[in-house]
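Written out below as structure tokens is the structure these notes cover.
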Amino acid sequence: MNNPLVIGINGGGTHTSLALVDANLNILARSEAGPTNVNYIGIDAARRSLEDGLRELATHVPLSQITAIGAGIAGVDRPSDHERMQEVFAQLCPGTPVTLDNDAVPALIAGVGQRFGIVTICGTGMISLGLNAAGDRARSGGWGDYPDHGSGYAIARDMLYALVQAHDQSGAPTALTERILTKLGLQSTPDLISWLYTEDRRVDKIASLAAEVIRAANDHDLVAIRILTRAARALANETVTVARKLGLDSPDVERVPILMSGGLFMHSAVLRDVFTITVQTSVPAAATLTTDREAALGSAMMALEALGVALPQPDYATNAETSRRMTERRNPLTMDIHHRPTLELVTMMNLEDEFLWQAIEKQLPQIAALIDAIAERFDQGGRLLMLGAGTSGRLAVLDAAECRPTFSISPDRVIGLLAGGESAMFRSLEGAEDDADMGRQAILDRNVGALDSVIGVAASGSTPFVRGALEAAAAHGALSASITNVVNAPISALVQHPIVLATGPEALTGSTRLKAGSAQKMTLNMITTGVMVRVGRTFGNLMTDVQTSNNKLRHRAIVIVADATGLDHAAAADILARCSGDIKTAIVAALLNVAPEDASAQLAAAHGNIGKVIQ
């Protein structure tokens, strides 16, 4: 076929771009039209937009000379919507072959030059769509303006919420208020109600306000930065989901091109930077990029591809960085914190801390499985050992120490081990972490066996002391687990229960006492608390084994008995006294109406598990 001419169309919820393209990917003419997402504007309005755009291109070349059309249009994934749009093209361009797909596919082809990788679009709407080497396709997001997070509409919606919070004085003041009121020609925040609920107020009009959020963030407005950071992480979550569905998060995959597409990505460094670092935290092989190639060209490439025309591969640059662990990389949000006001500094740190609960939430099934496995052994007389070096080791020791007063656990049942010993608790002996033999010996010295559980904690997941301890624990039949802050960590492969808290770069580069350490401590809290609940060291959410070593705790014991039994405080104090101050005995005696001696005997038979005595 001699130099075919094709039309590429990229249609979304705000506008539609069309390009007349030859086989060498030269753009000969362009046109613009209104939106074509049928879910936003309906099929008739979408037809009119396409008709307008095609009519303008026809002033350059008659449509009868067009060999094929490629169209990437948002909202055509459902078979019924796809069929309706094909019918529109058949009416507008009868006899011309049309390759129609979701608008994400031509964007990927334009940017990456091949059907491999992931494209995440952030415009009026959002979607993340990927293709692997086998040709499998997966997507996440793209459900429309209400369900999706990270889209232009969602950003604008969050901005409007921030404005009304600022007006009500329930949220931080923001320069966005003046920006939005000026743009819309309004006098005050309450005037937004009339503007928002005008009968013809379309999604794209609301979404267009996201541009003001980007401008405010560029001027260091903290509310705007927070909104964009949350949006970027939502977009990253969808992208990581696609990578997982396609197996692109495997350590065997060397490189995954991830295209950031859409006008908001193009204009916001915050969106790009936070998105990139968040994706790479879970998918280290991710190589994010943007492209100057417009999506309409990608649609034309789809049409040429369908005609059998060989397409050139673009030479694009990415920002991939794989030489440093994620916990050691620089955080783009805090590059210049020494120049920024203190409020901005602590706001950036607070934004980073928001990521902790997300990292932990993703590991909740694994954490729950570990708790159950430890509890089963602990209930049979086994021990729990938690160990690490530096900050991780100190947190392990701290959590073990807190179990004694909280649950009356003997210090030889829940044990914290720190590389370098007790002196390293208060004086840094970071070199101790490099001694794998010290870790092995720590396990051997405590005669670890099959009923014991050993958790190694290491942000990097490669600490020799921790590795040596876990290897020795496994060799002696103990249950083994790890808590790390990077994916594909070496020690994760050594244990039965790897917990991966992918917290990403720190606000202060490499200072894992910040996010990584906080996530570790929160997870250790969950594990030890969960184990103690499972083995009956609580009654509901009451600390029935708390040590009553001072007046405050002795009063708390009375309150616990009263809450557990429904007795008033005087009666609770009386039965507690008759039970020699033992909370669980007092609760059993009161609820089962038995003598303290009988209550104590029943608890002893149940190995102290109050849940087995009171069903």
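The values are calculated or read from the model by the stated rules, or taken from the named source; none is laboratory data. Predicted model, so just to flag it, every value in this text is computed and none were measured. Don't worry about glycine lacking a Cβ; one is built from the backbone with ideal geometry, like all the others, and counts go over all protein chains shown. Surface accessibility is based on the protein's heavy atoms, side chains included, excluding ligands, DNA and RNA. Shrake-Rupley method; radii C 1.70, N 1.55, O 1.52, S 1.80 Å.
Odds and ends about this structure:
- Hey, SER208 of a type in the set (Gly, Ala, Ser), in contact (Cβ under 8 Å) with a residue 12 or more places away in the chain and surrounded by fewer than 22 Cβ atoms within 10 Å (Cβ to Cβ) or not: yes
- No other residue among ALA90, ALA45, ALA110, ALA133 is more than 22 Å from ALA207 (Cα to Cα) and without any contact (Cβ under 8 Å) to a residue 12 or more places away in the chain apart from ALA90.
- The one condition in (1) open to solvent by 40 Å² or more (accessible area, probe 1.4 Å); (2) modelled with pLDDT under 95 that ALA285 fails to fulfil: (1)
- Per this entry, SER49 is not counted among residues that are part of a helix (DSSP H, G or I) and within 18 Å of LEU304 (Cα to Cα).
- Of the residues screened, PRO251 is not one that is part of a strand (DSSP E or B) and either open to solvent by less than 20 Å² (accessible area, probe 1.4 Å) or modelled with pLDDT under 95 (or both).
- Identity of the residue in segment 379-433, buried (at least 19 other Cβ atoms within 10 Å of the Cβ) and of a type in the set (Lys, Arg), that ends up farthest from the chain's Cα centre (by Cα): ARG383
- Qualifying residue in segment 553-570 (condition: open to solvent by 60 Å² or more (accessible area, probe 1.4 Å) and of a type in the set (S, T, N, Q)): no
- Just one residue in the set MET543, MET526, MET532, MET522 is surrounded by fewer than 21 Cβ atoms within 10 Å (Cβ to Cβ), modelled with pLDDT of 95 or more, among the hydrophobic types (A, V, I, L, M, F, W, C) and closer than 30 Å to SER600 by Cα; that residue is MET526.
- Check on ILE66, in contact with a Cys (Cβ under 8 Å, 6 or more places away or on another chain), in contact (Cβ under 8 Å) with a residue 24 or more places away in the chain and crowded, with 17+ Cβ neighbours inside 10 Å: yes
- Scanning segment 485-502 for residues that are farther than 16 Å from PHE355 by Cβ, buried (at least 19 other Cβ atoms within 10 Å of the Cβ) and of a type in the set (S, T, N, Q) turns up just one, SER492.
- Candidate set from segment 237-248 (those that are hydrophobic (A, V, I, L, M, F, W, C) and not in a loop (DSSP other than H, G, I, E, B)); member that is nearest to ALA74 (Cα to Cα): VAL242
For (1) surrounded by fewer than 24 Cβ atoms within 10 Å (Cβ to Cβ); (2) at positive phi; (3) in contact with a Leu (Cβ under 6 Å, 6 or more places away or on another chain), each residue gets a yes or a no:
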| site | (1), (2), (3) |
| --- | --- |
| VAL213 | no, no, no |
| HIS220 | yes, yes, no |
| ILE225 | yes, no, no |
| LEU228 | no, no, yes |
| ALA231 | no, no, no |
| ALA234 | yes, no, no |
| ASN237 | yes, no, no |
| VAL242 | no, no, no |
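- Among the candidates GLY130, GLY144, the residue that is under 30 Å from ILE9 (Cβ atoms), modelled with pLDDT of 95 or more, of a type in the set (Gly, Ala, Ser) and not in a helix (DSSP H, G or I) is uniquely GLY130.
- Every condition in (1) crowded, with 23+ Cβ neighbours inside 10 Å; (2) part of a loop (DSSP other than H, G, I, E, B) is met by ILE374 except one, and the failing one is (2).
Residue-wise test of (1) polar (S, T, N, Q); (2) under 15 Å from ARG325 (Cβ atoms); (3) in contact with a helix residue (DSSP H, G or I) (Cβ under 7 Å, 6 or more places away or on another chain).
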position	(1), (2), (3)
ALA436	no, no, yes
LEU451	no, no, yes
THR463	yes, yes, yes
SER480	yes, no, yes
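- Flag for ALA71 being under 41 Å from the mean Cα position of the chain (by Cα), among the small types (Gly, Ala, Ser) and open to solvent by 10 Å² or more (accessible area, probe 1.4 Å): no
- Just one of (1) in contact with a Pro (Cβ under 7 Å, 6 or more places away or on another chain); (2) more than 21 Å from ALA396 (Cβ to Cβ) fails for THR538. It is (1).
- Residues located in segment 474-484, provided they are out of contact with any Lys or Arg (no Cβ under 9 Å at 6 or more places or on another chain) and either under 20 Å from ALA359 (Cβ atoms) or open to solvent by less than 40 Å² (accessible area, probe 1.4 Å) (or both): SER480, ALA481, SER482, ILE483, THR484
- Of all residues in segment 254-267 being modelled with pLDDT of 90 or more and not in a strand (DSSP E or B), the one that is farthest from SER282 (Cα to Cα): HIS267
- The residues of segment 268-302 that are part of a loop (DSSP other than H, G, I, E, B), of a type in the set (D, E, K, R) and touching a residue at least 60 places away in the same chain (Cβ under 8 Å), listed by number, are ARG293, GLU294.
- Annotation note: of LEU129, LEU92, LEU160, the sole residue that is of a type outside the set (Gly, Ala, Ser) and under 30 Å from PRO62 (Cα atoms) is LEU92.
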